[in-house]
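Here's the structure, in structure tokens; my notes come after.
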Amino acid sequence: MAAAETAPLLQVRGLRMHFPVSEGMLARRHIGHVKAVDGVDLAIGRGETLGLVGESGCGKTTMGRCILRLETPTEGEIIYDGRDIAHFNRKQMVALRRRIQVIFQDPYSSLNPRMKVGSIIAEPMHVHGVEPDATKRNARVRELLTLCGLNPGFADRYPHEMSGGQRQRVGIARALALNPEFIVCDEAVSALDVSIQAQIINLLEDLREKLNLTYLFIAHDLSVVRHICHRVAVMYLGRIVELAGSDELFDNPLHPYTRALLAAVPIPDPTIEASRTFQPVAGEVPSPINPPPGCVFHPRCSLAVAECRQTRPELRELRPGHWVACSQVQ
């Protein structure tokens, strides 16, 4: 499996997250599983930003939640700094929480509206006993606000008194409160205006360099991903179909699904956009309850042959650092 160029901080091996589906009001009957993540291998190096992209419902957020252990995976290994955390108990996870944090998608709902900003940022430090002294905690809060580009006086404000971009900066400051090594950015800029997105992306890049952070950057905006990520993994129906360096993947996509995703990105120049031809992918995304056998993309793929309907393709390294799960691409 593809490993990051630097020493891996996180490795995911054979990760599966299947949610049971039941029906019936009184006598619940099990009828199947939603295969949200269905056999994923990944490695993320220290100081690296790995982008995870794909359309809605492909399993990106579930993947992030499994790595954070907000969900206990059905199967597989999540090796963080040499230890398999997939089945850590509560006590072990409390210690790990200081090293792994998350920035949520929606800055409007991820902050407690009844708490002041200073209390929101200080709470993790208090819970984990990082800084027992209240005066030093408050000083640290103001330091984090400054680091994230906010006025230290914002510690006395409530979230509703701030803009969306300012609230997301508060979410970033909260994630940094415990001095983590690894941060999952779950659609961290998708709820923001485009001009604010650029500011938050630049802030995340600066923080990564200053604090030697490692990011898993989950997103669907491909232009944002290209700007911030070192490598990009493309996900479809719970599986990784392509993995490569950012520039390599955008300049030379190999998997038919990746090509379709990139072709769907509009071009800012209206003249060029009007003149280009775009052929959308045929059909609909299959149900994750009953995914197709073989290659999960074969019902919509123009390159599909009989083999694709029977055999699941494994990721192959077709070029240095460029991995593709497609038997028809050479």
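Out of everything in region 261-292 that is surrounded by 11 or more Cβ atoms within 10 Å (Cβ to Cβ) and assigned to a helix (DSSP H, G or I), what residue ends up being farthest from the chain's Cα centre (by Cα)?
GLU273
Evaluate the following for ASP84: is it under 23 Å from LEU213 (Cα atoms), at pLDDT 90 or above and surrounded by fewer than 19 Cβ atoms within 10 Å (Cβ to Cβ)? Before the answer, list the steps.
On the way: under 23 Å from LEU213 (Cα atoms): yes; at pLDDT 90 or above: yes; surrounded by fewer than 19 Cβ atoms within 10 Å (Cβ to Cβ): yes.
When the stated conditions are applied, ASP84 passes them.
Out of contact with any Asp or Glu (no Cβ under 8 Å at 6 or more places or on another chain) and touching a residue at least 40 places away in the same chain (Cβ under 8 Å): is that true of ARG90 in this structure? Give the steps one after another, and end with the answer.
On the way: out of contact with any Asp or Glu (no Cβ under 8 Å at 6 or more places or on another chain): yes; touching a residue at least 40 places away in the same chain (Cβ under 8 Å): no.
Answer is no for this residue.
If you scan region 38-75, which residues turn out to be under 11 Å from the mean Cα position of the chain (by Cα) and either among the acidic types (Asp, Glu) or assigned to a loop (DSSP other than H, G, I, E, B) (or both)?
Matches in region 38-75: GLY54, GLY59.
Only residues that are in contact (Cβ under 8 Å) with a residue 24 or more places away in the chain and either part of a strand (DSSP E or B) or touching a Lys or Arg at 6+ places or on another chain (Cβ under 7 Å) (or both): list them for region 293-324, please.
Matches in region 293-324: CYS295, VAL296, GLU317, LEU318, ARG319, HIS322, TRP323, VAL324.
The values are calculated or read from the model by the stated rules, or taken from the named source; none is laboratory data. Because the structure is a prediction, the values reported are computed rather than measured. Please note: Cβ atoms are built from the backbone with ideal geometry, for glycine as well, and neighbour counts cover all protein chains shown.
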